[in-house]
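This report refers to the structure that appears directly beneath it.
The values are calculated or read from the model by the stated rules, or taken from the named source; none is laboratory data. All values derive from a computational prediction rather than experimental measurement. We place every Cβ from the backbone using ideal geometry, glycine too, and count neighbours over all the protein chains shown. Accessible surface areas use protein heavy atoms only, side chains included; no ligands, DNA or RNA. Shrake-Rupley method; radii C 1.70, N 1.55, O 1.52, S 1.80 Å.
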Amino acid sequence: MNSKITIDRSLMYVQQYQIDKFCSIAERMRRFWYIIGNRKNTSEADAWSMVFNAWLILLPDESRIIQSVEKSIYYSPNLLIFEAVKRDKAIQSLKRRSSGNEELNFLLSLKIAIVIGTWAVSVLEKYHLMDIIDRNKTWVNYESHNSAIIDMDSYLKDQARFTKAVVEELNSTNTFQELIKKCCSESYALFVENFGKSQYDNVHM
């Protein structure tokens, strides 16, 4: 897993110590990695990149994690989705109440990655964009900006098509919010089951 988390695959501005911290927590929480096994149409490397990016936006606000401006042109739909996660009321509430609890935030990051992957595929299917997935199967998506095998013009056109679909879906339905709300509830339930609510009285739903 460690080799799959790199500064270059992050959509946010990060430093190596943040990667080291995430990997340390992930190793301690190894028994929950099975959650990533539930992914669909997402490589293991991309799934872990999504977990890491989700974990970053769950860090306390004083960490000042911001999106990478340089990567916005390559990953505009991904950044829109993560921004929607960050703004979500259920996420904000749980983030506030958890006070940066490492176990809960890691579990939530795993669940968020699965939700994003599942929802993204449903959007691609709904808007008849599955050809994008077929083209993306030949490389690690979060390395697209550095890939020499990509037809960059076609790739950016695909990103524009997907971005349009993401914006339409986020603005016209509440499917994403409902999935995130369920994700928060499931993550908290898993946290309580494994770590005990009494240890963290400030964490509640």
Picking from His128, His145, which residue would you name as being open to solvent by 30 Å² or more (accessible area, probe 1.4 Å) and at positive phi? His128
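Please work out if Val115 is within 30 Å of Ile25 (Cβ to Cβ) and β-branched (Val, Ile, Thr). Let's see the steps before the verdict.
On the way: within 30 Å of Ile25 (Cβ to Cβ): yes; β-branched (Val, Ile, Thr): yes.
Yes.
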Quick one: in segment 160-205, which of the residues that are at pLDDT 95 or above and charged (D, E, K, R) is least open to solvent (accessible area, probe 1.4 Å)? Glu169
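Check whether at least one residue in segment 24-47 is within 27 Å of Lys164 (Cβ to Cβ), surrounded by 17 or more Cβ atoms within 10 Å (Cβ to Cβ) and modelled with pLDDT of 90 or more, and report yes or no.
Residues of segment 24-47 within 27 Å of Lys164 (Cβ to Cβ): 39-43, 45-47.
Narrowing further to those that are surrounded by 17 or more Cβ atoms within 10 Å (Cβ to Cβ): 39, 42, 45-47.
Pick out the ones that are also modelled with pLDDT of 90 or more and you get 47.
The answer is yes; a qualifying residue exists.
Where in segment 1-115 are there helices (runs of 4 or more DSSP H), lying wholly inside it, with at least 2 residues that are in contact with a strand residue (DSSP E or B) (Cβ under 7 Å, 6 or more places away or on another chain) and more than 17 Å from Gln177 (Cα to Cα)?
The qualifying helices (runs of 4 or more DSSP H) are 44-58.
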Does any residue in segment 71-96 that is touching a residue at least 40 places away in the same chain (Cβ under 8 Å) and closer than 17 Å to Ile132 by Cα come within less than 6 Å, Cβ to Cβ, of a residue that is surrounded by fewer than 16 Cβ atoms within 10 Å (Cβ to Cβ) and among the acidic types (Asp, Glu) six or more places away or on a different chain, and which pairs are these? none
Can you tell me which of (1) closer than 24 Å to Lys4 by Cα; (2) surrounded by 18 or more Cβ atoms within 10 Å (Cβ to Cβ); (3) not polar (S, T, N, Q) is the one Val123 doesn't meet? (1)
If the Cβ limit is 9 Å and pairs must be 6+ apart or interchain, which residue in segment 157-174 that is within 12 Å of Ala120 (Cβ to Cβ) pairs with which residue that is assigned to a helix (DSSP H, G or I) and open to solvent by 40 Å² or more (accessible area, probe 1.4 Å)? Thr163/Leu80; Ala165/Lys126; Val166/Leu80; Glu169/Ser122; Glu169/Lys126; Glu169/Thr175; Leu170/Leu80; Leu170/Gln177
Quick check on my filter: what residues within segment 84-104 are surrounded by fewer than 21 Cβ atoms within 10 Å (Cβ to Cβ) and either farther than 27 Å from Thr163 by Cβ or in contact with a Pro (Cβ under 6 Å, 6 or more places away or on another chain) (or both)? Ser93, Arg96, Arg97, Ser99, Gly100, Asn101, Glu102, Glu103
